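Student: Pasting a structure here, questions to come.
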Amino acid sequence: MNDDRMKILGIESSCDDTAAAVIDNTLLLSNIIAGQQVHKDYGGVVPELASRAHQQNIVPVIDAALKKAGVTKEELCAIAFTRGPGLMGSLLVGVSFAKAMSLALNIPLIEVNHLQAHILAHFIHTPNEEYRCPSFPFLCLTVSGGHTQIVLVKGHLQMEIIGQTQDDAAGEAFDKAAKIMGLPYPGGPLVDKYAKEGNHDAFTFPKPKIQGLDFSFSGLKTSFLYLIRDETKKDSEFVSKRQNDLCASFQYSVVNILIDKLKLASEQTGIKEIAIAGGVSANSGLRDALKVTGDKLGWNIFIPKMAYCTDNAAMIAITGYFKYLNKEFVDIDVTPVTRYPI
Ligand code: KG4
Ligand code: ZN
């Protein structure tokens, strides 16, 4: 094996996507993902159904990632996997598979924190594309279905949370608002889609009164729920008639909350190198607002490619690469963890 080229397989199974990717140092060779449609009608991920789908998907997904990369199992020099945070039954599928593969191939095992991986997705190098990554220190707003944090990133593996949600995550708020409107799970992408056709000033919601760099979304969700409850009493077709305006106004409020805190974090730290990560970083309102604010305040902004916003294994593989350089390996008795602070 050529010592300075490292081919690492990344495995992600923390929630409802089964994913595998192969990376050659920082260069991504393949990135395969199998989503799960079974949760659509339930308003959220059903853990038992998720674990079963992971079991069905994991072998074909890993197989496809190796084939697409043109890499054999024997050429791999490590297996990186998501250890947490996530759903226990889902994580167990990926962790067990990673352990078995590392034992069979006699190569190191690398555990990855899913939230750290969302941030390190900014360092993925794709063939034939410009390589542009943030320099240290930078601030990253990580916004996903389970987390909303502002992270001070001092090095690839040196991160500190300087602000986080005290209740719901931003993605959860999008999903709950969508559910209130009768939209299927995950509702975030649909709210984004309908918001494009609506007026964001149609409805206003109170801003959360939360100090410092922390967030709160539960008040917004409650006032959205009350608005719909009260208006539906007057007109039973209120939601269908005003869906676009409701989505635009709700999204506008979430984005304002996020951007306000990011501005405060930049002011407090003096850092103008600003990134976003996680599923909600796919939101077009957030992406646009970040560009406008960044231009105004002289920020150097980093917005991930769509494929690396939501859950994927490329981010697990790149994190595996940085940990490989540090020789941060784990023993075969490693277990998944549902909560895993960075
Ligand atoms: O990072 P992710 O794929 O999974 C977690 O680690 O949670 O994030 C999923 C979340 C879901 O709540 C989903 O509704 C939200 O990201 N999301 C969006 C958009 N795309 C995904 N929310 C708003 N606008 C989008 N375009
Ligand atoms: Zn995620």
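The values are calculated or read from the model by the stated rules, or taken from the named source; none is laboratory data. Just so it is clear, the structure is predicted and the values come from calculations on it, not from any experiment. Neighbour counts are summed over all protein chains in view; Cβ atoms, including those assigned to glycine, are modelled from backbone coordinates with ideal geometry. Side chains included, ligands, DNA and RNA excluded: accessible areas come from the protein's heavy atoms. Shrake-Rupley method; radii C 1.70, N 1.55, O 1.52, S 1.80 Å.
Student: Could you count how many residues in the range 1-47 are surrounded by fewer than 21 Cβ atoms within 10 Å (Cβ to Cβ), among the hydrophobic types (A, V, I, L, M, F, W, C), modelled with pLDDT of 90 or more and within 16 Å of ligand 1 (Cβ to nearest atom)?
Tutor: 2
Student: Any idea how many residues of the range 301-337 are away from ligand 2 (no atom under 16 Å from the Cβ), open to solvent by less than 30 Å² (accessible area, probe 1.4 Å) and of a type in the set (V, I, T)?
Tutor: The total comes to 1.
Student: In the range 129-149, what residues are away from ligand 1 (no atom under 16 Å from the Cβ) and of a type in the set (A, V, I, L, M)? Reasoning before the result, please.
Tutor: To start, the set of residues in the range 129-149 that are away from ligand 1 (no atom under 16 Å from the Cβ) comprises 129-139.
Matches in the range 129-149: L139 only.
Student: Could you tell me how many of the residues in the range 47-76 are outside any helix (DSSP H, G or I) and in contact with an Asp or Glu (Cβ under 9 Å, 6 or more places away or on another chain)?
Tutor: Our first condition is that a residue be outside any helix (DSSP H, G or I); within the range 47-76, this holds for 70-72, 76.
When the remaining residues are screened for being in contact with an Asp or Glu (Cβ under 9 Å, 6 or more places away or on another chain), the result is 71.
Number of matching residues: 1.
Student: Can you find, within the range 260-293, the residue that is nearest to F217 (Cα to Cα) among those that are among the aliphatic types (A, V, I, L, M) and open to solvent by 10 Å² or more (accessible area, probe 1.4 Å)?
Tutor: Here is the first cut: in the range 260-293, the residues among the aliphatic types (A, V, I, L, M) are 262, 264-265, 271, 274-277, 280, 282, 286, 289-290, 292.
Applying the additional criterion that residues be open to solvent by 10 Å² or more (accessible area, probe 1.4 Å) yields 264, 271, 280, 282, 289, 292.
Numbers: L264: 18, I271: 25, V280: 14, A282: 19, A289: 18, V292: 23 Å.
Taking the candidates together, the pick is V280.
Student: Assigned by TED's automatic domain parsing to the domain that holds A202 and within 15 Å of ligand 2 (Cβ to nearest atom): does that describe N244? Full working, then the answer.
Tutor: On the way: assigned by TED's automatic domain parsing to the domain that holds A202: yes; within 15 Å of ligand 2 (Cβ to nearest atom): no.
In short, no.
Student: Show the residue pairs meeting these rules: Cβ distance below 9 Å; 6+ apart or different chains; first residue within the range 173-199 and within 16 Å of L286 (Cβ to Cβ); second residue open to solvent by 50 Å² or more (accessible area, probe 1.4 Å) and among the aromatic types (F, W, Y).
Tutor: Matching pairs, first to second residue: A195/Y252.
Student: Filter the range 202-236 down to residues that are open to solvent by 40 Å² or more (accessible area, probe 1.4 Å), out of contact with any Phe, Trp or Tyr (no Cβ under 6 Å at 6 or more places or on another chain) and farther than 16 Å from A178 by Cα, then give me how many there are.
Tutor: Going through the range 202-236 one residue at a time, the tally reaches 13.
Student: Scan I33, I8 and give me the residue that is out of contact with any helix residue (DSSP H, G or I) (no Cβ under 7 Å at 6 or more places or on another chain), among the β-branched types (V, I, T) and assigned to a strand (DSSP E or B). Talk me through it step by step, then tell me what you get.
Tutor: On the way: I8 fails: out of contact with any helix residue (DSSP H, G or I) (no Cβ under 7 Å at 6 or more places or on another chain).
Checking each option against the conditions leaves just I33.
Student: Out of all the residues in the range 189-200, is one or more buried (at least 23 other Cβ atoms within 10 Å of the Cβ) and touching a Pro at 6+ places or on another chain (Cβ under 8 Å)?
Tutor: First, pick out the residues of the range 189-200 that are buried (at least 23 other Cβ atoms within 10 Å of the Cβ): 191, 195.
Next, only the ones that are touching a Pro at 6+ places or on another chain (Cβ under 8 Å) stay: none.
Among the residues of the range 189-200, not one is buried (at least 23 other Cβ atoms within 10 Å of the Cβ) and touching a Pro at 6+ places or on another chain (Cβ under 8 Å), which makes the answer no.
Student: While we're here: Return yes or no: is L290 within 23 Å of E160 (Cα to Cα), without any contact (Cβ under 8 Å) to a residue 60 or more places away in the chain and within 16 Å of ligand 1 (Cβ to nearest atom)? Walk me through it before giving the result.
Tutor: Values: within 23 Å of E160 (Cα to Cα): yes; without any contact (Cβ under 8 Å) to a residue 60 or more places away in the chain: yes; within 16 Å of ligand 1 (Cβ to nearest atom): yes.
It is true that L290 is within 23 Å of E160 (Cα to Cα), without any contact (Cβ under 8 Å) to a residue 60 or more places away in the chain and within 16 Å of ligand 1 (Cβ to nearest atom).
Student: Residues A98, A64, A80: which one is of a type in the set (A, V, I, L, M, F, W, C) and either farther than 24 Å from V334 by Cβ or surrounded by fewer than 24 Cβ atoms within 10 Å (Cβ to Cβ) (or both)? Lay out the reasoning, then the answer.
Tutor: Values: A98 fails: either farther than 24 Å from V334 by Cβ or surrounded by fewer than 24 Cβ atoms within 10 Å (Cβ to Cβ) (or both); A80 fails: either farther than 24 Å from V334 by Cβ or surrounded by fewer than 24 Cβ atoms within 10 Å (Cβ to Cβ) (or both).
On inspection, the qualifying residue turns out to be A64.
Student: Restricting to the range 259-282, and then to whatever is within 16 Å of ligand 2 (Cβ to nearest atom) and in a helix (DSSP H, G or I), can you tell me which residue is nearest to the chain's Cα centre (by Cα)? Talk me through it step by step, then tell me what you get.
Tutor: Applying the first criterion (within 16 Å of ligand 2 (Cβ to nearest atom)) to the range 259-282 yields 275-282.
If we keep only those that are in a helix (DSSP H, G or I) too, we end up with 279-282.
Numbers: G279: 4, V280: 7, S281: 8, A282: 9 Å.
Top of the filtered list is G279.
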